[in-house]
Amino acid sequence: MANEFVRKNQHGDALVRRVGRGMRKAVGASSQIRTQAEISDYLRRPVGGFRQITVVSVRGGAGKTTVAALLATELARHRPDRVLAMDADAELGSLPLRLGVRSELSLFDLAAQRPRSFEEAAQYLQQTREGLWVLAATRGGRITGEFTFETYQAAFSAVSRYISTAVTDCSAGILTELHRGILGQSHSVVLVTPGTVDGALSARGALEWFSQGVQRSLLPRTVIAMVSHAPQVGADLARATQMLTAWGTPVVQLPYDRQIAMGAAVDMSRLGEATQAAVSRIAYEAFARSLGDVTPGQVPGQGVHPGQGAAPGAGPRRGR
């Protein structure tokens, strides 16, 4: 496991910042707590059938898998029903590693079966300590074979009726047949980009593509996660955010975090305070859009719009 290579499990915040945070909690920060409580309540909302949230990036190294792991774990921490994290990168997929699980079975194995119950499907899954179910794309980290949308769809269909929410971590890119297939059935999309000048420009290019043709419906369902990979940021993130939000798309900045930077399994209890807040916001924005609870210019949670975001092929969901 990757954690064997970690000499010291870093906390996202430095010690002096953690001490200051403890003092602020003792004094009280009612507005922040109230906002977080509202997000927590929202993430527990019942869903009809299932909701599929897809995490993509234009290029590799953006932090896509990290965001997918954090997002799925955050949802699993709040929801009383089953949440699935699904790796859709059969070559370089590291989602199981980031979630601290390892499986000798993969979605290739599940795709070849027709489980008649969740107990049968669970043989092909792993579960994290937060209760998140994980479906790997590789067997024990080893490449299994050619990965097609048909393979993905067969595996997803075998388990989708037993879950409420699925977070799919795609390979880098958005233009392949596999990406188009997965995005086409997604209820919301998280577009991950580095917190750099070229990262912001590549995200703008992706939004331009989303705004055209058959994928146009993706634009109002997209959230941008801008990830900082270094303590000091040279880019003007405020200006980059302004450019991207001009499309009507929310931008959430995920700050540099020492715990995440280790590259091992993410530990939610050791994330920095700002990182935790950003993860909650990404989950909130993505989940709201998966419910169809947002119209252009609207803040999530200000009203559900019946008939929006209906889940294709939705079936019953059950508890953990």
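Structural remarks
- Of residues in segment 228-281 being of a type in the set (Asp, Glu) and under 19 Å from the mean Cα position of the chain (by Cα), the one surrounded by the most Cβ atoms within 10 Å (Cβ to Cβ): ASP257
- Residue count for segment 185-199 satisfying the condition of being in a helix (DSSP H, G or I) and touching a residue at least 40 places away in the same chain (Cβ under 8 Å): 2.
- Qualifying positions in segment 200-227 - surrounded by 12 or more Cβ atoms within 10 Å (Cβ to Cβ) and either touching an Asp or Glu at 6+ places or on another chain (Cβ under 6 Å) or not in a helix (DSSP H, G or I) (or both): SER211, THR222, VAL223, ILE224, ALA225, MET226, VAL227
- Identity of the residue in segment 82-106, among the acidic types (Asp, Glu) and more than 15 Å from the chain's Cα centre (by Cα), that ends up nearest to VAL192 (Cα to Cα): GLU91
- Among the residues making up segment 126-161, those that are part of a helix (DSSP H, G or I) and more than 20 Å from LEU71 (Cα to Cα) are PHE149, GLU150, THR151, TYR152, GLN153, ALA154, ALA155, SER157, ALA158.
- Taking the listed residues GLY205, GLY195, the one that is of a type outside the set (Val, Ile, Thr), under 27 Å from VAL279 (Cβ atoms) and in contact with a Ser or Thr (Cβ under 7 Å, 6 or more places away or on another chain) is GLY195, with no other qualifying.
- Number of positions in segment 228-242 that are hydrophobic (A, V, I, L, M, F, W, C) and part of a loop (DSSP other than H, G, I, E, B): 3
- Residue count, segment 103-120 (criterion: in contact with a Phe, Trp or Tyr (Cβ under 6 Å, 6 or more places away or on another chain) and closer than 15 Å to TYR152 by Cβ): 2
- Residue within segment 196-203 that is over 27 Å from HIS78 (Cα atoms) and among the polar types (S, T, N, Q) present: yes
- Residue selected from segment 114-149 under the condition small (Gly, Ala, Ser) and crowded, with 17+ Cβ neighbours inside 10 Å, by the criterion modelled with the lowest pLDDT: ALA137
- Among the residues examined, ARG79 qualifies as of a type in the set (Lys, Arg) and under 15 Å from the mean Cα position of the chain (by Cα).
- Scanning segment 68-125 for residues that are assigned to a helix (DSSP H, G or I), of a type in the set (Asp, Glu) and more than 21 Å from PHE50 (Cα to Cα) yields one hit, ASP109.
- Taken together, the residues in segment 47-65 that are within 21 Å of THR275 (Cβ to Cβ) and surrounded by fewer than 24 Cβ atoms within 10 Å (Cβ to Cβ) amount to 2.
The values are calculated or read from the model by the stated rules, or taken from the named source; none is laboratory data. Note that the structure is a prediction, hence the values are computed from the model and not measured. Here the Cβ is made from the backbone with ideal geometry for all residues, glycine too, and neighbour counts use every protein chain on show.
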